[in-house]
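The values are calculated or read from the model by the stated rules, or taken from the named source; none is laboratory data. Remember, predicted model here, so these are calculated numbers, not experimental data. As a convention, Cβ positions derive from the backbone with ideal geometry for all residues, glycine included, and neighbour counts pool all protein chains shown. Note: accessible area is taken over every heavy atom of the protein model, side chains too, but ligands, DNA and RNA are not part of it. Shrake-Rupley method; radii C 1.70, N 1.55, O 1.52, S 1.80 Å.
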Amino acid sequence: MTDIEIIDNILEGDRNSYTILVERHQTMVFRTCLGFVHNKDDADDLTQETFIQAYQSLKSFKGEASFPTWLYRIAVNASLNKVRRSSKFNFLQRFESFFGSAKGTDTAYPDLHTEDPENILIRAEQQEWVQRALDSLPEKQRTAIVLSKYDELSQKEIAEIMNTTEGAVEALLQRAKTNLREKLLANEKNIKYDRRKK
Amino acid sequence: MNCELCHENSDAYRAGSLPHDLRIQVEEHLKYCKNCAEAFRMLNLAEKVISEEKEQESNPFLSTRIMAAIEAAETNIPQNSPVFVRILRPVVITISLAVALFMGIMIGNSSGSANNGSAVPLELTLINDDDLEAISLLSTE
């Protein structure tokens, strides 16, 4: 059954058909949300919020864009709202994330018996750098990078989701990569300087 | 091959989709340009971190949770008080702060006016008693 057929069934009263849509698109929504919050539990909550919002807005879905495109827009908006709420009310966490360890982000926990502890620490540190650098990008650049790298969408698909042109998406991605590169390089220089001081 | 071209082609180089000649040019440039080599290493790191992050999977029972939440919403079971959390609480906090500020100003003003009756005029505080001559000396009679 296509997405449109399932939506027609739901609007006619078959609420349980929505489970098919959820299971079909759950992974893509989860990955989008994960790209913004870097935390599995928060990403799960946002995924739930996205699907609930989508269900409540199904009547307004006109079919001009595909259902996945519409769902991506809801997921991106929900994620950005969450990020804005977090940054508004967590000033201390923001300072901590700049100068100390970021809270609430998932780090990989490899097997301590097979991996060198120093490598584990370096990997966790690198993961933090990258997540912080991604989080510090302007919203549009961050959205474009998340949709490109986490969801592996083409520039055309990203342009449709962001309601812009392919050229604008290409420019956003280029600027995002430049900013990301510069932030990571600056971060690495700061870390090396701190280690030499110690 | 300059740095700008190298940056533009770095993604395709990493993915292995560059034509042979261009790939050789990028490799040569990365051998000699320290800045581009560092930048390439950083973006590689970012790609690696993102790939590891993407390996995480969502909760397998999420669809059950979503359907339960939808059913609860449709049967009007209140699950939280979003109106209070989102609107009333910030308003109450703002009003409380404004009232506290106003009362502080009022208390400060009232303690200032209580002292006004017994305040010593500035001219009198500047008088040095040791320099004053006895008034009887100034009198001619």
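Overview of values
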| read-out | value |
| --- | --- |
| Matching helices (runs of 4 or more DSSP H) fully within the range A:36-120 where at least 2 residues are open to solvent by less than 90 Å² (accessible area, probe 1.4 Å) and either within 15 Å of A:VAL22 (Cβ to Cβ) or modelled with pLDDT of 95 or more (or both) | A:40-56, A:67-89 |
| Matching residues, the range A:169-180, being in contact with a helix residue (DSSP H, G or I) (Cβ under 7 Å, 6 or more places away or on another chain) and among the small types (Gly, Ala, Ser) | A:ALA176 |
| Positions within the range A:159-177 being under 20 Å from B:ALA46 (Cα atoms) and open to solvent by less than 30 Å² (accessible area, probe 1.4 Å), in sequence order | A:VAL169, A:LEU172, A:LEU173, A:ALA176 |
| All positions within the range B:29-40 that are within 30 Å of A:ILE120 (Cα to Cα) and surrounded by 18 or more Cβ atoms within 10 Å (Cβ to Cβ) | B:LEU30, B:CYS36, B:ALA39, B:PHE40 |
| Pick from the range A:149-158, criterion part of a helix (DSSP H, G or I) and more than 13 Å from every other protein chain (Cβ to nearest Cβ), ranking: surrounded by the most Cβ atoms within 10 Å (Cβ to Cβ) | A:ILE158 |
| The range B:29-77, residues that are charged (D, E, K, R) and more than 10 Å from every other protein chain (Cβ to nearest Cβ) | B:LYS31, B:LYS34 |
| Residue match in the range B:20-28 (condition: more than 10 Å from chain A (Cβ to nearest Cβ), over 30 Å from A:GLN127 (Cα atoms) and surrounded by fewer than 12 Cβ atoms within 10 Å (Cβ to Cβ)) | yes |
| Boolean, B:ARG86 is more than 30 Å from A:GLN127 (Cα to Cα) and in a helix (DSSP H, G or I) | yes |
| Any hit, the range B:41-64, residues being of a type in the set (Ser, Thr, Tyr), crowded, with 16+ Cβ neighbours inside 10 Å and more than 20 Å from A:ASP151 (Cβ to Cβ) | no |
| Selection from the range A:129-148 of residues that are charged (D, E, K, R) and either open to solvent by less than 40 Å² (accessible area, probe 1.4 Å) or free of Cβ contacts under 8 Å to residues at least 12 places away in the same chain (or both) | A:ARG142 |
| Selected residue (only one of B:LEU22, B:LEU62, B:LEU30, B:LEU43 is in contact (Cβ under 8 Å) with a residue 12 or more places away in the chain and under 21 Å from A:ARG31 (Cα atoms)) | B:LEU43 |
| Among residues of the range A:21-35, those that are open to solvent by 20 Å² or more (accessible area, probe 1.4 Å) and under 15 Å from A:VAL146 (Cβ atoms), counted | 3 |
